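The values are calculated or read from the model by the stated rules, or taken from the named source; none is laboratory data. The model shown is predicted, which means the values in this text are computed figures rather than measured ones. FYI the Cβ positions are ideal-geometry reconstructions off the backbone, even for glycines, and counts take in every protein chain you see. SASA here: full protein model, heavy atoms, side chains in, ligands and nucleic acids out. Shrake-Rupley method; radii C 1.70, N 1.55, O 1.52, S 1.80 Å.
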Amino acid sequence: MKTVGIIGARNIGASIAFFLAEQRITKTILYDSSDGIAQGKSLDLMEAAPIRHFDTMVSNTQSLDTLLKTDIICIALEAPSATPASEFTTLLPQLKELAQFLKHYTGIVLIASRANEACTTVFSKLSDLNSDHVIGVGTLVDSMRIKNNIAQELGIVAEDVQAPVFGMQGSNAIIFPSYISVSGIPLPELISASKIQNIIKEVQEMNNNLLMLSKDRGVYYAQAAAAVEIIEAIIYNENRVLCSCTVGNFHIPDIALSTTQVINAKGNVGATAAYFIAKENIADVLLLDVVEGLPQSKGLDFSHTGSFHGYDIHIRGTNDFKEIKDADIIVHTAGIARKPGMDRMDLLKINVGIVTDVSHAIRQYAPNALVVVVANPLDIIALACLQETGFPSSRVFGMAGVLDSTRLRYFIAEELNVLPDDVFSMVLGGHGDTMVPLPRYTTVAGIPLTELLSDKKIKELSLRTQKGGAEIVNYLKTGSAYYAPAASTAKMVITLLHGQRTIIPVSVFLNGEYGQKGIFLGLPVILGPKGIEKTIELSLNKEELSALQHSAEEVQKGIEELKILRSSSI
Ligand SMILES: NC(=O)C1=CN([C@@H]2O[C@H](COP(=O)(O)OP(=O)(O)OC[C@H]3O[C@@H](n4cnc5c(N)ncnc54)[C@H](O)[C@@H]3O)[C@@H](O)[C@H]2O)C=CC1
Ligand SMILES: CC(=O)C(=O)O
């Protein structure tokens, strides 16, 4: 485990130590030149450790020499003042001293103090350290703020937003609206130009406004969270797209609500999704399968990991549909999976029978549930589920776009050698070979993909995405992918459980949007606590629209097959 030394244990430094402890990724040593501060803060933090489960040690030292053996030193000196300039002037003598002291330090120095660019530049010049080894938190804070403001404006989670900020922190921050995107959708398609300008202005003025609000005592949570984001990137040796330190967001886990969450089937996707959801520790999980004993065994096996994960929730298995009574969310993964040489449509006959039975049980026992359909052929099974439950279309939707997009995100990240987190993409249409990857709606830390990869490479990665499921089936031979499908399903369920709103591609029932009616198709939606709130209509160009129509036609063919199957079984 790496060790981080923090110089300055007041607000910024102690918050960094706190965030790192919660992440359990480093050992942290606090130092402060004022007697007692570092000792008091580290003791206070470690007293919280038994409850917050951080086994990572936070300690303190009264000798700067101890920090020379650390991997990262984070300078979090502060002297809260009315302006960044006056804070910098006060900090200058200490920065000069530290630059001398750390002249031969071999680790990385991260400057987290406010007036960040000035502090970082001065420290870097005076210390003579390799410039690669001195980093400032820079405009990452402004980037977090703009993400936050945009997310608030749209009522969605901030992690959907990508917004690199250039230049200097605060009033001189440079923010280009064309580089801001939400789940890959350019911001100007979602908010008016004047609203965007207002948000930018608000963010530029936020530093000064917060200083005024805090009555010169300084603001520090966002500053500390930004520092931790960079520390994480260093520790994990991640290739983040750091364009002016724009690394993602930091979340404090929400530990609210306990509700019933049902995973239908103990199969590969169902059981793995149950694992991802259970780890969140926010909802009970029931595994249901027709195979006797199997869901029970999975439930019990999961429960036995409780002592490591600190679960407050229950996970169990059943074969009895009555037990889904009043479930809040049902995930329908029951059904056969394809084998090499099979198309997803080859699963229709069997899976439509299963979804019919399951839907009737849902209607009877969990009439208010949200239903996330996963079984294939996805868009057709989702339609059958909607029809058989008789639920409103806002409460029945399919998981596919999240998976298809996550595959594309991974392929792009691999190609660019950056973290998949930095990539946002939209893959729309039916969950089949005609799905529609949208390079124009794909961004890397806000930068349009088309500026980073050639058309030829983009086409290659898009094709690999369209065939992504088949690539895995061909390797496995006995079934289909389930880790990424389960993670994608869990992402949707966890969003619902947290009561958050997010913009993601989901298979939704259409009522005229994009010129389509009466079918399910993967499209960007606002998914909120009550299900589908809105289908977002993108400004697709002719080529994109025609690809989407082609995909819709394929789904329509599946619906015709569904009708034939139903009429022959009457
Ligand atoms: N939408 C998407 O992106 C994805 C869809 N899938 C689909 O999800 C489905 C499940 O895949 P896997 O978990 O890999 O298959 P699996 O075979 O591992 O699991 C399916 C489970 O369903 C159970 N089952 C069958 N009939 C049932 C019923 N009436 N009630 C309750 N349980 C029942 C089976 O006993 C089995 O345990 C497949 O149709 C697959 O094609 C898989 C991955 C991605
Ligand atoms: C199974 C499936 O639909 C997929 O892996 O895409």
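Quick look at the values:
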quantity: Filter result (crowded, with 17+ Cβ neighbours inside 10 Å, of a type outside the set (Ser, Thr, Tyr) and more than 11 Å from ligand 2 (Cβ to nearest atom)) within segment 448-486; calculated: Pro448, Leu449, Leu452, Leu453, Ile458, Leu461
quantity: Criterion violated by Thr61 - all others in (1) more than 18 Å from Val228 (Cβ to Cβ); (2) crowded, with 19+ Cβ neighbours inside 10 Å; (3) free of Cβ contacts under 8 Å to residues at least 60 places away in the same chain satisfied; calculated: (2)
quantity: Matching residues, segment 80-91, being surrounded by fewer than 18 Cβ atoms within 10 Å (Cβ to Cβ) and either charged (D, E, K, R) or in contact (Cβ under 8 Å) with a residue 12 or more places away in the chain (or both); calculated: Ala82, Thr83, Ala85
quantity: Of all residues making up segment 346-363, the number that are polar (S, T, N, Q) and either over 22 Å from Ala271 (Cβ atoms) or within 8 Å of ligand 1 (Cβ to nearest atom) (or both); calculated: 2
quantity: Of residues in segment 413-425 being at negative phi and out of contact with any Lys or Arg (no Cβ under 9 Å at 6 or more places or on another chain), the one farthest from ligand 2 (Cβ to nearest atom); calculated: Leu416
quantity: Leading residue by the ranking (nearest to ligand 2 (Cβ to nearest atom)) among those in segment 382-407 that are within 17 Å of Thr434 (Cβ to Cβ) and touching a Leu at 6+ places or on another chain (Cβ under 6 Å); calculated: Ala400
quantity: Qualifying residue in segment 524-538 (condition: more than 22 Å from Glu189 (Cα to Cα) and free of Cβ contacts under 8 Å to residues at least 60 places away in the same chain); calculated: yes
quantity: Given (1) under 25 Å from the mean Cα position of the chain (by Cα); (2) within 16 Å of ligand 1 (Cβ to nearest atom); (3) surrounded by fewer than 22 Cβ atoms within 10 Å (Cβ to Cβ), index of the condition Leu523 fails; calculated: (3)
quantity: Selection count, segment 168-191, where residues are open to solvent by less than 60 Å² (accessible area, probe 1.4 Å) and farther than 14 Å from Glu205 by Cβ; calculated: 12
quantity: Residue match in segment 297-308 (condition: near ligand 1 (Cβ under 9 Å from one of its atoms) and in contact with a strand residue (DSSP E or B) (Cβ under 8 Å, 6 or more places away or on another chain)); calculated: no
quantity: The lone exception for Gln387 - which of (1) open to solvent by less than 50 Å² (accessible area, probe 1.4 Å); (2) of a type outside the set (Asp, Glu); (3) away from ligand 1 (no atom under 12 Å from the Cβ) it fails; calculated: (1)
quantity: Asp379, sole failed condition from (1) more than 16 Å from ligand 2 (Cβ to nearest atom); (2) at pLDDT 95 or above; calculated: (1)
quantity: Any chance Val555 is closer than 18 Å to Leu428 by Cα, in contact with a Gly (Cβ under 9 Å, 6 or more places away or on another chain) and either free of Cβ contacts under 8 Å to residues at least 40 places away in the same chain or assigned to a strand (DSSP E or B) (or both); calculated: no
quantity: Test: residue in segment 327-345 that is touching a strand residue (DSSP E or B) at 6+ places or on another chain (Cβ under 7 Å) and open to solvent by 30 Å² or more (accessible area, probe 1.4 Å); calculated: yes
quantity: Matching residues, segment 418-440, being surrounded by fewer than 24 Cβ atoms within 10 Å (Cβ to Cβ) and modelled with pLDDT under 90; calculated: Val418, Leu419, Pro420, Asp421
quantity: Filtered residue count, segment 211-228, keeping only those that are at pLDDT 75 or above and among the hydrophobic types (A, V, I, L, M, F, W, C); calculated: 6
quantity: Segment 326-345 - residue that is at pLDDT 90 or above and more than 16 Å from Gly267 (Cβ to Cβ) and, of those, nearest to the chain's Cα centre (by Cα); calculated: Ile329
quantity: The listed residue being open to solvent by less than 60 Å² (accessible area, probe 1.4 Å), touching a residue at least 60 places away in the same chain (Cβ under 8 Å) and in contact with a helix residue (DSSP H, G or I) (Cβ under 6 Å, 6 or more places away or on another chain), out of Val355, Val373, Val285; calculated: Val373
quantity: Unmet criterion (only one of (1) within 27 Å of the chain's Cα centre (by Cα); (2) modelled with pLDDT of 90 or more; (3) surrounded by fewer than 16 Cβ atoms within 10 Å (Cβ to Cβ)) for Ile51; calculated: (2)
quantity: Selection within segment 309-335 - part of a loop (DSSP other than H, G, I, E, B) and more than 10 Å from ligand 1 (Cβ to nearest atom); calculated: Gly310, Tyr311, Asp312, Ile313, His314, Asp320, Lys325, Asp326, Ala327, Asp328
quantity: Selection within segment 487-520 - more than 14 Å from the chain's Cα centre (by Cα), crowded, with 23+ Cβ neighbours inside 10 Å and among the β-branched types (Val, Ile, Thr); calculated: Val506, Val508
